[in-house]
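Just below is one structure, and these are the notes that go with it.
The values are calculated or read from the model by the stated rules, or taken from the named source; none is laboratory data. These numbers were taken from a predicted model, which means no experiment stands behind them. We place every Cβ from the backbone using ideal geometry, glycine too, and count neighbours over all the protein chains shown. The protein model used for the area step is the full one, side chains on, heavy atoms only, and it has no ligands, DNA or RNA in it. Shrake-Rupley method; radii C 1.70, N 1.55, O 1.52, S 1.80 Å.
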Amino acid sequence: MGRKILLLEDDRETADYLVRGLTEEGHNVEHVGNGRDALFLASDGSYDLIILDRMVPALDGLSVLRALRAANVATPVLTLSALASVSDRIEGLEVGSDDYLVKPFSFAELLARVNALLRRSEARPAADPRITVGELEIDPLSRSVRRAGQKIELKPREYLLLEYFARNEGRVVTRTMLLEQVWDYHFDPGTNVIDVHVSRLRRKLDDGFATAMLRTVRGAGYMLSAD
């Protein structure tokens, strides 16, 4: 049975080669060419395997991997890289790679490593993809949200905002971070688009409850916390 694989590779020829080969093996492969897009897609933990190149635009592969592991995304990762020294391989594994394959490589070897990682992950108990912050529960697979058992209806952008806040629980999130990670915009963080959406999300999330979870940190940004 084919599995869902995310491929982060900025070299078009290599990407086409891998997508074609893995698809012929029955897998469903989604390809992106930069680290920011890969992090956004992979953060919900819905992939069975991630194959990532280290040296890619926007956000390098190991930075993507660090962010995923910090967010408790346990998806198996096979790192590809032309960086072949022992220290490079050790760094990749210590950051959170499950395997490290040096370029150039044969497809047969890559496929053997992919199959080994998939077998290993199938033997583990399934990880719960839900994100919990106090009495707030978020299911990234269905994009459903409940607080104290009460369902909260959110629009798509509101959901993306909340999930990003939840994955950064207890940390200050700036307007610039939200513009870049939720909107993928790169312009004046003084725009009020953030404040408008956060205000709407706060009403839905906190109205009717004794404790406010989504707070404004004056002069810095916002924070989601259960305390």
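The number of residues in the stretch 21-30 that are assigned to a loop (DSSP other than H, G, I, E, B), open to solvent by 50 Å² or more (accessible area, probe 1.4 Å) and either in contact with a Lys or Arg (Cβ under 6 Å, 6 or more places away or on another chain) or of a type in the set (Val, Ile, Thr) (or both) comes to 0.
When Ala84 is tested against (1) farther than 22 Å from Asp16 by Cα; (2) within 20 Å of the chain's Cα centre (by Cα), just one condition goes unmet, and that condition is (2).
Based on what the data block shows, is Asp184 modelled with pLDDT under 90 and closer than 24 Å to Val77 by Cβ? I'd like the intermediate steps shown before the answer.
Values: modelled with pLDDT under 90: yes; closer than 24 Å to Val77 by Cβ: yes.
Here the answer is yes, as Asp184 does meet what is asked.
Selection within the stretch 60-85: residues that are among the hydrophobic types (A, V, I, L, M, F, W, C), modelled with pLDDT of 90 or more and not in a strand (DSSP E or B). The member of this set that is farthest from Arg130 (Cα to Cα) is Leu62.
Scan the stretch 1-20 residue by residue and report those that are open to solvent by 10 Å² or more (accessible area, probe 1.4 Å), within 19 Å of Ser81 (Cα to Cα) and assigned to a helix (DSSP H, G or I). Hits for the stretch 1-20 are Arg12, Glu13, Thr14, Asp16, Tyr17, Val19. What are the residues in the stretch 31-53 that are out of contact with any Asp or Glu (no Cβ under 6 Å at 6 or more places or on another chain) and in a loop (DSSP other than H, G, I, E, B), if any? Scanning the stretch 31-53 gives Asn34, Ser43, Asp44, Gly45, Ser46, Tyr47, Asp48. Any chance the stretch 63-70 includes a residue that's charged (D, E, K, R) and farther than 23 Å from Glu163 by Cβ? Scanning the stretch 63-70, I find no residue that is charged (D, E, K, R) and farther than 23 Å from Glu163 by Cβ, so the answer is no.
Can you name the residue in the stretch 97-116 that is among the charged types (D, E, K, R) and open to solvent by 40 Å² or more (accessible area, probe 1.4 Å) and, of all such residues, is nearest to Ser63 (Cα to Cα)? Filtering the stretch 97-116 for residues that are among the charged types (D, E, K, R) and open to solvent by 40 Å² or more (accessible area, probe 1.4 Å), the one nearest to Ser63 (Cα to Cα) comes out as Asp98. Considering the stretch 156-173 alone, what residues qualify as being free of Cβ contacts under 8 Å to residues at least 40 places away in the same chain and surrounded by fewer than 17 Cβ atoms within 10 Å (Cβ to Cβ)? Matches in the stretch 156-173: Pro156 only. In the stretch 40-74, of all residues being touching a residue at least 60 places away in the same chain (Cβ under 8 Å) and at negative phi, the one that is surrounded by the fewest Cβ atoms within 10 Å (Cβ to Cβ) corresponds to Ser46. Kindly evaluate Leu161 against the criterion of being touching a His at 6+ places or on another chain (Cβ under 7 Å) and at pLDDT 85 or above. Against the criterion (touching a His at 6+ places or on another chain (Cβ under 7 Å) and at pLDDT 85 or above), Leu161 qualifies.
Farther than 25 Å from Asp60 by Cβ, surrounded by fewer than 18 Cβ atoms within 10 Å (Cβ to Cβ) and of a type in the set (Asp, Glu), is that true of Glu94? It is false that Glu94 is farther than 25 Å from Asp60 by Cβ, surrounded by fewer than 18 Cβ atoms within 10 Å (Cβ to Cβ) and of a type in the set (Asp, Glu). Quick check, is Ala226 within 23 Å of Asp44 (Cβ to Cβ), in a loop (DSSP other than H, G, I, E, B) and over 21 Å from the mean Cα position of the chain (by Cα)? Judged against the criteria, Ala226 is a match.
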